[in-house]
Amino acid sequence: MGTDTVRAGAADEAADRRREQRGWYFYDWACSVYSTSVLTVFLGPYLTSVAKHAADADGYVHPLGIPVRAGSFFAYSVSLSVIVAVLVMPLVGAAADRGGRKKPLLAAAAYTGAAATTGMFFLGGDRYLLGGVLLVVANAAQSVGTMLYNSYLPQIAPPEERDAVSSKGWAFGYAAGALVLVVNLVLYMGHDSFGLSESAAVRVCLASAGLWWGGFALIPLRRLRDRRPSARDAKEPMAPGFRQLAATVRGMRRHPLTLAFLLAYLIYNDGIQTVISQASVYGSEELGLGQSTLIAAVLLVQVLAVAGALALGRLARTYGAKRTILGSLVAWAVILGAGFFLPAGAPVWFFVLASGIGLVLGGSQALSRSLFSHLVPPGKESEYFSAYEMSDRGMSWLGPLLFGITYQLTGSYRDAIISLVAFFVIGFALLTRVPVRRAISDAGNPVPERI
């Protein structure tokens, strides 16, 4: 009878865990539409056009009296949002770990971001400053929300399940991004038949991403549950502002192997993010491809990233997450090498390149997240994932800088794109030197049979 009770308890626990995991997937489903439709496709060109409409005769706008070239306003707004996120994430992460109340903080971040994104419907005329404020709020909120969402992974999945759970989360996100992007593109390209101007169609697409984010965020907020912090963690003081960021970094120094992984991730993820952000520039400026081709390529990447995330998750079960990530970095380097030789005016070959990016994109990011989750000391999930998220979003500036400098010196986008191979080579070398089994053990976590 006792054995039956234990088995029933274990079955109930597994069922509860599966339910929570399914709810967790839906936060990626909710917020990834913002990244795809808003940041990647629609907001940059539209906000730039609004800023240019508000510019003076010399092409400048003057937020808070500061002269800013209208064409740079979107980029500066994104940079400011990253700075805000970097300052806020350690505070929120520490509060979540010490108070054990992640869910209210996740709800606050999700609905702040969703409301700001929905508010982009009102970006008409010359309201560029409103657009900049909404972008800063939405982007920073997404970073904070993603950090909290990621920090649930070690709590909802035992070590042997994390690669698969993380990969499914990424797949859900890419699937949602592709689905909504298709609908948005139909609306945008056929706006006349819907009785909308081009501007109104863009604003509807922007607002729909906010409504999607807020609506589907209800599912994880209903299914995820908070855990009580340990007595030691609950008593740790939380410092304000920069002091909390410094305290987080000092605390991580007690786990140098975790920091070593973060350094490797910072390098190769910078390469990944730069490829994503500069691929359209390479396609339009070097290969002479049209906007419709580039949008179709973005959609292709979204669709194939779903299959890629799931496929690399299965490979990790056989070969381990570290080896699979290393293999994906080799694939990234090969893709960039192939991109260097792409002929101009040949969209078919650009689609082949986009297919390769899609197949390795989701998997390399998903497995990096799950591998890092093993390296986080128990009770420090939110705080450590704030550092991970800062590496993901706050430090991805070296790649664009190298890309820009290479183009400035050589006048060739082909040289600029091939220069990014350095990030994958260096990241590969650094990751090979991280003894992940010892790092997991030093963090105080059980070591999976295959990692």
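The values are calculated or read from the model by the stated rules, or taken from the named source; none is laboratory data. Quantities reported herein were computed from a predicted structural model and do not represent experimental measurements. Note that we place each Cβ from the backbone using ideal geometry, even for glycine, and neighbour counts take in every protein chain shown. These accessible areas exclude ligands, DNA and RNA; they are computed on the full protein's heavy atoms, side chains included. Shrake-Rupley method; radii C 1.70, N 1.55, O 1.52, S 1.80 Å.
Would you be able to say whether some residue in segment 439-451 is of a type in the set (A, V, I, L, M, F, W, C), part of a helix (DSSP H, G or I) and modelled with pLDDT of 85 or more? So far as segment 439-451 goes, yes, one or more of its residues are of a type in the set (A, V, I, L, M, F, W, C), part of a helix (DSSP H, G or I) and modelled with pLDDT of 85 or more. Per the conditions (1) within 25 Å of residue 388 (Cα to Cα); (2) among the charged types (D, E, K, R); (3) touching a Gly at 6+ places or on another chain (Cβ under 9 Å), the sole criterion not satisfied by residue 222 is (1). Output the residues belonging to segment 260-305 that are open to solvent by 20 Å² or more (accessible area, probe 1.4 Å) and under 13 Å from residue 431 (Cβ atoms). Once the filter is applied, which keeps residues that are open to solvent by 20 Å² or more (accessible area, probe 1.4 Å) and under 13 Å from residue 431 (Cβ atoms), segment 260-305 yields 260, 263, 266, 267. Taking helices (runs of 4 or more DSSP H) as the structural unit, those lying wholly within segment 377-422 and holding at least 3 residues that are open to solvent by 20 Å² or more (accessible area, probe 1.4 Å), over 29 Å from residue 147 (Cβ atoms) and modelled with pLDDT of 80 or more correspond to 398-410, 413-419. Tallying residues that are under 30 Å from residue 194 (Cα atoms) and modelled with pLDDT under 95 within segment 207-244 yields 0. In the set (1) open to solvent by less than 40 Å² (accessible area, probe 1.4 Å); (2) farther than 22 Å from residue 28 by Cα; (3) under 20 Å from the mean Cα position of the chain (by Cα), the condition left unmet by residue 95 is number (3).
Close Cβ contacts (under 6 Å, 6 or more residues apart or on different chains) running from residues in segment 183-202 that are closer than 17 Å to residue 122 by Cα to residues that are outside any loop (DSSP other than H, G, I, E, B) and open to solvent by 50 Å² or more (accessible area, probe 1.4 Å) comprise 201/188.
Looking at the structure I just gave you, is residue 416 over 26 Å from residue 309 (Cβ atoms) and of a type in the set (A, V, I, L, M)? Answer is yes for this residue.
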